[in-house]
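All remarks here apply to the structure that follows.
The values are calculated or read from the model by the stated rules, or taken from the named source; none is laboratory data. Owing to the predicted nature of the structure, the values given are computational and were not obtained by experimental measurement. Note that each Cβ is placed from the backbone with ideal geometry, even for glycine, and that neighbours are counted across all protein chains shown. With ligands, DNA and RNA removed, areas are computed over all heavy atoms of the protein, side chains included. Shrake-Rupley method; radii C 1.70, N 1.55, O 1.52, S 1.80 Å.
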Amino acid sequence: MEEGSSKPSNSSWDKILNLKHITMEGYKRKPISHWILLALSIVAMLVAFPASSLLTRVYYSNGGASKWIISWVAVAGWPLTALILFPSYFFLDSSPTPLTFKLLVSYVVLGFLSAADNLMYAYAYAYLPASTAALLASSSLAFSALCGYVIVHNKLNASMVNAIVIITAAMAIIALDSDSDRYDYVTDHQYTMGFIWDILGSALHGLIFALSELVFVKLMGRRSFHVVLEQQVMVSFFGFVFTTIGVIVNNDFEGMASEARSFKGGKSSYILVLVWSAITFQLGVLGGTAVLYLASTVMAGVLNAIRVPITAIAAVILLHDPMSGFKILSLLITFWGFTSYIYGNSSASSEDSPS
């Protein structure tokens with residue numbers, strides 16, 4: 001073997017050192033406010049999203065029954081995002097994106113899909129332990145990769161395909177171990193339907209992610225902080241409209257009074273669970289949006305990988321979810337799949353960057 005084949009060439013080392021220098025200089029140029037905001041955003045993702053999932057399970061385990069109400073709560077906090085958006089126009093010296101007909105239609109479609117997605121997850125959490133539902137929902141990463149490849153023509157390398165296979169195997173392990181964590185009051189049919197709704201919700205979530213990226217590329221042509229917030233506000237608003245219609249048609253608003261009276265802990269606990277569910281979900285969305293803008297999609301992927309075990313472990317500790325050996329194995333395999341995907345995504349990004 002030649003000596004040059006055992007180590008990178010001088011030109012390769014120069015590129016590596018130059019990239020490292022550019023990266024370090026980029027970090028040094030960031031103001032302290034950037035790092036504070038990024039730290040707060042990371043905390044929001046790692047705390048708010050798991051908290052929202054646990055609160056959904058608390059709602060069902062303490063007497064709540066409406067899937068539409070939980071779906072409605074998920075988007076009812078959209079004004080919180082709007083309160084962040086409007087001041088950003090002044091602080092960032094930017095102007096609102098012109099609302100064309102195509103852009104409006106895309107918001108309506110994404111809002112409808114978001115409402116359907118929230119409803120599917122509501123059914124999943126009604127019948128599954130929070131730890132199981134969180135593990136199954138991690139399959140959205142695989143669906144995001146596949147939908148991104150088909151719709152947006154994102155690259156799909158061997159590591160990312162490997163991640164899809166690994167995560168699919170983790171879901172299969174949970175399916176084989178379904179008898180160990182089923183609640184006594186949940187029938188076999190309900191558990192199976194919860195499993196199916198969770199996977200379908202994850203698939204739809206992947207489709208929404210790909211379509212959102214397509215909107216950025218085709219209709220907006222840019223990705224800045226306020227543009228990402230604009231899309232989140234508008235999609236959440238239309239999701240709120242569609243979900244509100246569903247709640248009204250299903251007469252669930254009228255049923256909230258009786259549901260609150262029979263709720264374990266009383267009416268005040270019922271209100272607190274719903275209010276904090278809305279707040280934590282929106283804080284998680286805001287945190288994810290900020291991390292995507294302030295850091296990178298890879299960082300967002302890393303945090304998504306971390307919040308899955310956080311949710312599962314928190315559910316075991318706080319809600320006393322059953323945790324079998326199969327579920328632990330599935331958790332480890334899922335984390336392995338996330339790691340493989342992040343590595344593949346990093347490799348794809350480095351290939352696209354200029355030398």
His320, His226, ranked by accessible area, largest first (probe 1.4 Å): His320, His226
Probe 1.4 Å - accessible area at Glu259, Å² to nearest ten: 20 Å²
Potential lengthening between Ser95 and Lys218 on full extension [0.36 nm per residue; Cα-Cα distance subtracted]: 42.4 nm
Förster-model FRET efficiency, 30 Å R0, Asp188 and Asn251, C-beta, rounded to 0.05: 0.55
Additional length obtainable on full extension of the chain from Ile317 to Phe86, 0.36 nm per residue less Cα span: 79.2 nm
Segment Ile32-Tyr343, length gained on full extension (0.36 nm per residue, minus Cα span): 109.1 nm
In region 231-292, trypsin sites (Lys or Arg not before Pro) in a DSSP loop with at most 15 other beta-carbon atoms within 10 Å: Lys264
By accessible area with a 1.4 Å probe, ligands and nucleic acids excluded, highest first: order of Ser258, Ser236: Ser258, Ser236
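Calculate, for region 25-90, the solvent-accessible area per residue in square angstrom, rolling a 1.4 angstrom probe over the heavy atoms of the protein chains.
Ligands and nucleic acids excluded, the figure is 47 Å² per residue.
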5 Å-binned pair-distance histogram of region 27-79 (Cα, whole percent): 4, 16, 17, 17, 13, 10, 8, 7, 4, 3, 1
Dimensions (Å) - region 115-262, Cα atoms, principal axes, largest first: 50, 39, 21
Shape of region 32-153, Cα gyration tensor, a/c cut at 1.5: prolate
